[in-house]
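Worksheet: one structure, shown below.
The values are calculated or read from the model by the stated rules, or taken from the named source; none is laboratory data. This one's a predicted model, so the numbers in the text were calculated from it and none came from an experiment. In this analysis, Cβ positions are derived from the backbone assuming ideal geometry, glycine residues included, and neighbour counts consider all displayed protein chains. Please note that ligands, DNA and RNA were not included when accessible areas were found on the heavy atoms of the full protein model with its side chains. Shrake-Rupley method; radii C 1.70, N 1.55, O 1.52, S 1.80 Å.
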Amino acid sequence: MPTVPRSWLPLIALGAFGCIVRGGAGGVPATSSAPSPAVANPILPILPGLPAPRTGGRPRPGGAPGNLTVLDWAGFKAAVSYTFDDTNSSQIQHYAELSALGVRMTFYLITGKATEFNDPTWARALQDGHELGSHSRSHRHVGVAADLDAADSDFRQKFGISVYTMASPFGDASYPPLANGRYLINRGIVNGHIAPNDDTDPFNIFCYCPPARAAAATFNAAIDAVREAGAWTTVLVHGFTGGTDGAYQPVEISEFTASVNHAKAFGDVWIDSVVNVGAYWRAQRMFSAITPITSGNSKTWTWTLPPHFPPGKVLRVHVDGGTLTQPGGRTLTWDDHGYYEVALDAGSLTLSP
């Protein structure tokens with residue numbers, strides 16, 4: 001296997017990873033490596049499934065069947081996904097602090113960085129509920145299909161997982177066409193917000209990229225803006241001060257964690273991995289385009305999920321009244337946080353009196 005080229009390292013100093021401001025809205029050998037510091041257990045456990053909004057106690061709708069709507073952002077006001085590029089050593093160094101925040105994050109790994117890719121921290125991150133996504137094997141400036149496929153093979157061989165999302169190296173325009181047909185979501189580097197049911201390209205979604213040594217207040221302003229817009233954004237951090245491989249535009253871990261805690265304190269911002277928020281966003285867009293079929297007093301919605309859609313996902317819906325069922329005679333149960341959860345793998349949903 002060829003050794004990963006280090007030609008991308010000097011580009012860090014040249015600002016090759018720089019973010020763009022938008023107006024408006026193959027197998028790595030299991031080499032030995034120095035052990036990572038002991039990782040503390042998360043202070044807040046990351047539970048499976050979607051988080052529930054704080055407001056509960058809502059009665060089951062008892063009106064006439066109708067007005068089925070999908071809740072934006074799973075019932076939250078807005079959504080944020082924290083992402084980390086480059087398999088950077090400072091991410092490994094500070095994994096304990098990141099995990100202690102108790103929210104799912106996404107780590108986009110360069111699988112050809114053998115020492116860092118083989119660090120046991122990433123297996124722990126999977127166990128803790130975080131997402132591992134692809135940042136390619138070789139981090140080429142211009143994307144090559146074989147390089148992405150090789151990275152996917154690395155993830156399968158090392159972790160036994162399928163990769164559902166990726167992040168474009170350098171944000172290069174060659175990657176979105178390659179991502180289409182391989183992944184559900186590709187994150188670019190253009191600043192912007194993603195709204196429910198909007199026309200954002202799922203293979204070049206927006207992000208917020210903070211400047212080097214950004215203060216918590218700088219992060220907070222970006223979070224406040226997306227919350228006010230009722231939208232979703234991803235936050236792109238390459239790494240933290242320190243480490244051994246020179247993170248691009250590093251930030252202080254204390255400033256970053258302070259800002260995540262700022263976002264959590266609202267209680268109405270959905271903080272989750274790109275695959276979880278992205279799957280919900282794409283499924284809502286798909287569902288909203290369906291015209292239900294009426295049979296007697298019942299309406300049925302039928303769908304086919306987008307390619308490379310992860311299993312086990314749900315949409316949260318509200319109706320004025322009636323009974324919701326899915327194949328196999330499954331009657332949906334009302335959640336007093338204000339919704340029914342629709343299993344997307346089922347492929348259809350019926351609303352009856």
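Each residue in region 147-204 was checked for being more than 21 Å from Q249 (Cα to Cα), part of a loop (DSSP other than H, G, I, E, B) and not polar (S, T, N, Q), and 16 of them qualify. Scanning region 312-320 turns up no residue that is within 28 Å of P53 (Cβ to Cβ) and in contact with a Lys or Arg (Cβ under 9 Å, 6 or more places away or on another chain). With respect to the conditions (1) more than 20 Å from V251 (Cβ to Cβ); (2) touching a Ser or Thr at 6+ places or on another chain (Cβ under 7 Å); (3) open to solvent by 20 Å² or more (accessible area, probe 1.4 Å), E116 falls short on a single one, namely (1).
Here is a yes/no grid of residues against (1) surrounded by 16 or more Cβ atoms within 10 Å (Cβ to Cβ); (2) among the aliphatic types (A, V, I, L, M); (3) closer than 15 Å to G267 by Cβ; (4) at pLDDT 95 or above:
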{"site": "A30", "(1), (2), (3), (4)": "no, yes, no, no"}
{"site": "S33", "(1), (2), (3), (4)": "no, no, no, no"}
{"site": "P42", "(1), (2), (3), (4)": "yes, no, no, no"}
{"site": "P53", "(1), (2), (3), (4)": "yes, no, yes, no"}
{"site": "P65", "(1), (2), (3), (4)": "yes, no, no, yes"}
{"site": "T69", "(1), (2), (3), (4)": "no, no, no, yes"}
{"site": "W73", "(1), (2), (3), (4)": "yes, no, yes, yes"}
{"site": "A79", "(1), (2), (3), (4)": "yes, yes, yes, yes"}
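Within region 85-113, being of a type in the set (F, W, Y) and closer than 18 Å to Y164 by Cβ holds for F107, Y108.
Quick check: anything in region 336-349 assigned to a loop (DSSP other than H, G, I, E, B), buried (at least 16 other Cβ atoms within 10 Å of the Cβ), among the charged types (D, E, K, R) and over 23 Å from the mean Cα position of the chain (by Cα)? I'd like the intermediate steps shown before the answer.
Pass one, region 336-349, residues assigned to a loop (DSSP other than H, G, I, E, B): 336-338, 347.
Restricting the remaining residues to those that are buried (at least 16 other Cβ atoms within 10 Å of the Cβ) gives 337-338.
Remaining after also requiring among the charged types (D, E, K, R): none.
No, region 336-349 contains no residue that is assigned to a loop (DSSP other than H, G, I, E, B), buried (at least 16 other Cβ atoms within 10 Å of the Cβ), among the charged types (D, E, K, R) and over 23 Å from the mean Cα position of the chain (by Cα).
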